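S.K.: So that we are looking at the same thing, I have put the structure below in structure tokens.
The values are calculated or read from the model by the stated rules, or taken from the named source; none is laboratory data. Note that this is a predicted model, so its numbers are computed, not measured. Positions of Cβ are generated from backbone atoms using ideal geometry, with glycine treated the same way; all protein chains shown enter the neighbour counts. To get the accessible areas, we keep the full protein, side chains included, count just its heavy atoms, and leave off ligands, DNA and RNA. Shrake-Rupley method; radii C 1.70, N 1.55, O 1.52, S 1.80 Å.
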Amino acid sequence: MSVPVWNPAVEFMERETLERLQFINLRQTVAWALKTPFYQRRLAEIGLTHPEDLGSLRDLRKLPYTTKDDLREAFPDGLLAVEREEAVRLHTSSGTTGMPTVIYHTRRDIDHWTELVARCIVAAGATAHDVFQNMTNYGMFTGGLGLHYGAERVGMLVIPASSGNTSRQIHLMRNFQTTVVHATPSYLLHLHSALAGEGVTVDQLRLRKAFIGAEPHSEETRRKIEILFGIQAYNSYGLSEMNGPGVAFECVYQTGLHLWEDAYILEIVDPETLQPLPEGRTGEIVMTTLQRQATPLLRYRTRDLSHLVGGNCPCGRTHRRLARLNGRGDDMLIVNGVNVFPSQIEDALMKMPEVGTNYLIQLEKRGSLDRLVVKTEIDPKPFTGDPRDLDDLRERIGEALRSAILVKPVVELHEPGSLPVSEGKAKRVVDLRPAF
Amino acid sequence: MAEQLNVFVDNRPGRLNAVTGVLRDHRIDIRAMTIADHGAYGVAKLLVSDPRLAHRALVDQGFAAALKPVLAIAMEDRPGGLHELLEVLAERSINVLDAYGFVVAPGRRAVWCMEVDALDEAARLLAARGLEVLADHVLYRLEAE
Ligand SMILES: [Zn+2]
């Protein structure tokens, strides 16, 4: 069987050549980084002032890590390595929380990103003959535009459907004979359950492949999607700090996600000790950009957990594979396809004087949909004793949250001091959704 | 005017006990109790022998508690008694928000407690009809004479 491939020269490149390429691009990236106020300071601390100070690829280990907090601190332009005029796009995280991050792209950066996405699409067996319906959010979320550009470059017929509106999605799929979709796994399950209501059967669709990502899911879920629709589903991994989608993707063999090592240096480290972990051991994914001029990132701690798959893939690609993601250390929650940050919920709650300090965010599954429950304590001081005031408070909290996070939660009021006290944000989130 | 103690309680086992436990520890007697149930939470409404002390004790223990004035009407414990009382309020379009009663002496004396939206006016009207609106020092010392 011949393996579909977009860029054979790079995708099958000998490891030795690939690593030489990485070293050249790492020096280039450090040169770019040294143009940013953030890295000038950070690299000066380790005595690095010229890219030539790096003698080999192994010197990467001498470089400092970069964290999400660093990105927040450097916001908006502390990590910008080009003149603003040279940038053609930015993607910023939700700014409503007051702690946003931003990634800038030059035209060349977008071009590189698009190339990576095109490789992914073709590796998963899609071609210029496919009709591609992109069911992820356009706009700031990188999944929409990222896949869109890549699919156009491959030459697919692209339907920029964006997320939501299930009825319309189904009719687009039927009317235009969509063959490939990009969506979250939970949304595809939801879409399947909605088919009957639209009077559409799977047989009336021409779907053959799905790209799934943006939320952790199990192998069972992937297989379930494949069986329900009679298709192949391929895992996608990306994060906005590393452009978005196109970082790593499954090939037709579905044996792990090839990470494009000409564009990123991958490390897996122990999240506590930050020591590199051997192949097969699960740890935090750390990545260094090699092709992004506008916002170079060195040893970025993704907070995502995974491990490297050993051995060679039957497809022959030399780029190593990440195992399915073991979870997301990241604090972003995905609720019915909408990105929600606990900090947004906290901010909205803390603006209301009747609300106490402790709160708990609970995610549940109702059928194929997520249910967001926000539990808050009431503050004893403003308590009037009138149950109607409490109902009104619940209503106002629900409304404030809906306008902050675009998801209407179920609000529960609790006695002062009854919810667990926690320092870390992560402990305020309880995800009861089955890790499907 | 009598004062009723309203306490926010989670709707889960043991929470009401926690409230009554605090009252017991302060030797406070509970005359009557009702709960406005709102699903995951409720508001316990209590008539107690010393509402101020009870309020302070509960707040000290971290409860959300508030004192609310209520109408407490002493009535004969006989059929039709409550109806007459409500007629008076209905004539003046006074809205009853919550109400509960308890018997002090079976067949003789009952107390009807009401949260209404025009408390002072309601008290005046009922007093003018000869009904006994209890001040709390009276209410809390009622005996089954
Ligand atoms: Zn492969």
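S.K.: Leaving out ligands and nucleic acids, note down the accessible area per residue over the range B:1-62 with a 1.4 angstrom probe, in whole Å².
M.R.: Numbers: 2920 Å² over 62 residues.
Value for the range B:1-62: 47 Å² per residue.
S.K.: If you don't mind, another one. At most 16 other C-beta atoms within 10 Å and a DSSP loop state: those are the exposed GluC sites (Glu not before Pro) I care about. Give me the longest piece of chain A that has none.
M.R.: On the way: sites that count: A:Glu14, A:Glu45, A:Glu83, A:Glu272, A:Glu279, A:Glu423.
The segment A:84-271 is the longest one with no such site.
S.K.: Under the rule of -39500 (n - 2.57) per DSSP H run of 4 or more residues, summed and divided by the residues of chain A, what mean residue ellipticity at 222 nm is obtained, to the nearest 500 deg cm²/dmol? Please list the in-between numbers first.
M.R.: Numbers: 11 runs with 128 residues, N = 436.
After summing the helix terms and dividing by residue count, I get -9000 deg cm²/dmol.
S.K.: Assign unit charges at the C-beta atoms only (+1 for Lys and Arg, -1 for Asp and Glu), then state the dipole size of the range B:43-120 relative to its Cα centre in Debye, rounded to the nearest 20. Working shown, then result.
M.R.: On the way: 8 positive and 11 negative charges, 60 e Å.
Rounded to the nearest 20 debye, it is 300 debye.
S.K.: Over chain A, what is the mean sequence separation of C-alpha contacts under 8 Å (at least six apart), divided by residue count, expressed as relative contact order in percent? Write out the running numbers ahead of the final one.
M.R.: Numbers: 859 pairs, mean separation 62.0, N = 436.
Dividing the mean separation by the residue count of chain A yields 14 percent.
S.K.: Sticking with this one: Students sometimes get this wrong: rank A:Asp392, A:Asp70 by accessible area, probe 1.4 Å, all chains present, largest first. Write down the numbers at each step before the final one.
M.R.: Details: A:Asp392 75, A:Asp70 15 Å².
Reading off the accessible areas and sorting them downward yields A:Asp392, A:Asp70.
S.K.: What's the carbon and sulfur percent of the range B:2-68's accessible surface, probe 1.4 angstrom, rounded to a whole number?
M.R.: Details: 1290 of 2950 Å².
Carbon-and-sulfur percentage of accessible area, whole number: 44.
S.K.: Taking a 1.4 Å probe, which of B:Ile35, A:Ile170 shows the most accessible area, and what order do the others take after it?
M.R.: Values: B:Ile35 80, A:Ile170 0 Å².
Final ranking, largest accessible area leading: B:Ile35, A:Ile170.
S.K.: Ignoring ligands, DNA and RNA, please state the percent of accessible area on chain A from carbon and sulfur, probe 1.4 Å. Could you put the intermediate results ahead of the total?
M.R.: Details: 9540 of 18150 Å².
Looking at chain A in its full context, I get 53 percent from C and S.
S.K.: Now for a separate question. Apply the Kirkwood formula to the protein assembly as shown: the hydrodynamic radius equals the inverse of the mean of 1/r over all pairs of different alpha-carbon atoms; give it in Å with one decimal. All intermediate terms of the calculation are to be shown ahead of the outcome.
M.R.: Details: mean 1/r = 0.0356 Å⁻¹.
This gives a value of 28.1 Å.
S.K.: Give the long-range amide H neighbours of A:Arg89: residues separated by 5 or more places, or on another chain, with amide H under 5 Å away, using H modelled in the peptide plane at 1.01 Å from N.
M.R.: A:His105
S.K.: Taking the alpha-carbon distance from A:Lys381 and a cut-off under 22 Å, which lysines remain once sequence neighbours fewer than 8 residues away in the same chain are dropped?
M.R.: By straight Cα distance, A:Lys381 reaches A:Lys351, B:Lys45, B:Lys68.
S.K.: Please identify every one of the trypsin sites (Lys or Arg not before Pro) in the range B:1-107 that sits in a loop by DSSP and has no more than 16 other beta carbons within 10 Å of its own beta carbon. Present the calculation step by step, with values, prior to reporting the outcome.
M.R.: Working: sites: B:Arg15, B:Arg24, B:Arg27, B:Arg31, B:Lys45, B:Arg52, B:Arg56, B:Arg92; in loops: B:Arg27, B:Arg92.
Answer by residue number: B:Arg27, B:Arg92.
S.K.: Leaving out ligands and nucleic acids, and using a 1.4 Å probe, what accessible area per residue does the range A:121-164 come to in Å²? Kindly include the intermediate steps, with their values, before the conclusion.
M.R.: Numbers: 1450 Å² over 44 residues.
Roughly 33 Å² per residue, with all protein chains present.
S.K.: How big a patch of accessible area, both sides summed and in Å² to the nearest 100, lies buried between B and A at a 1.4 Å probe? Please report the intermediate quantities before stating the final value.
M.R.: On the way: alone 7920 and 18890 Å², together 25350 Å².
About 1500 Å² of accessible surface is lost on pairing.
S.K.: Could you state the angle between the C-alpha long axis of helix B:81-91 and the longest principal axis of the C-alpha atoms of chain B, as a value from 0 to 90 degrees rounded to the nearest 10?
M.R.: Taking Cα atoms only, the helix is inclined about 80 degrees.
S.K.: Shifting gears a bit: What is the magnitude of the charge dipole of the protein assembly as shown about its Cα centre, with +1 placed on the Cβ of each Lys and Arg, -1 on the Cβ of each Asp and Glu, and no other charges, expressed in debye to the nearest 20? Write out the running numbers ahead of the final one.
M.R.: Numbers: 66 positive and 76 negative charges, 302 e Å.
Dipole magnitude for the protein assembly as shown comes out near 1460 debye.
S.K.: What number comes out for the charge environment of A:Thr106, summing +1 per Lys or Arg and -1 per Asp or Glu over other residues with Cβ under 13 Å away? Mind dumping the intermediate values first?
M.R.: Details: positive: A:Lys35, A:Arg84, A:Arg89, A:Arg107, A:Arg108, A:Arg292; negative: A:Glu83, A:Glu85, A:Glu86, A:Asp109, A:Asp111.
Once positives and negatives cancel, what remains is +1.
S.K.: Using a 1.4 angstrom probe on the protein heavy atoms only, line up A:Lys365, A:Lys351, A:Lys62, A:Lys68 by accessible area, largest first.
M.R.: Output order, biggest surface exposure first: A:Lys351, A:Lys62, A:Lys365, A:Lys68.
S.K.: Along the charge dipole of the protein assembly as shown, Cβ charges K/R +1 and D/E -1, which of A:Val154, B:Leu85, B:Pro69 sits furthest on the positive end?
M.R.: Farthest towards the positive end: A:Val154.
S.K.: Given the options A:Arg394, A:Arg320, A:Arg371, which has the most mean-square fluctuation in a GNM of chain A, springs set between C-alpha atoms less than 10 angstrom apart?
M.R.: A:Arg394
S.K.: Please report the carbon-and-sulfur percent of the accessible area for the range B:70-139; probe 1.4 Å, protein heavy atoms only, DNA, RNA and ligands left out. Kindly include the intermediate steps, with their values, before the conclusion.
M.R.: Values: 1810 of 3580 Å².
Roughly 51 percent, rounded to a whole number.
S.K.: Need one number: % antiparallel among DSSP beta bridges in chain A, to the nearest 5.
M.R.: On the way: 40 of 63 bridges.
Here the antiparallel bridges make up roughly 65 percent for chain A.
S.K.: A follow-up question, please. Pop out a list of residues from the range B:1-18 that are at least 40 Å² less accessible with all the protein chains around than in their chain alone; 1.4 Å probe, no ligands or nucleic acids counted.
M.R.: B:Phe8, B:Asp10
S.K.: Could I ask something else about it? Which whole-number value in Å² is the accessible area per residue of the range A:192-277, probe 1.4 Å? Spell out each step's value before the answer.
M.R.: Values: 3020 Å² over 86 residues.
Value returned for the range A:192-277: 35 Å² of accessible area per residue.
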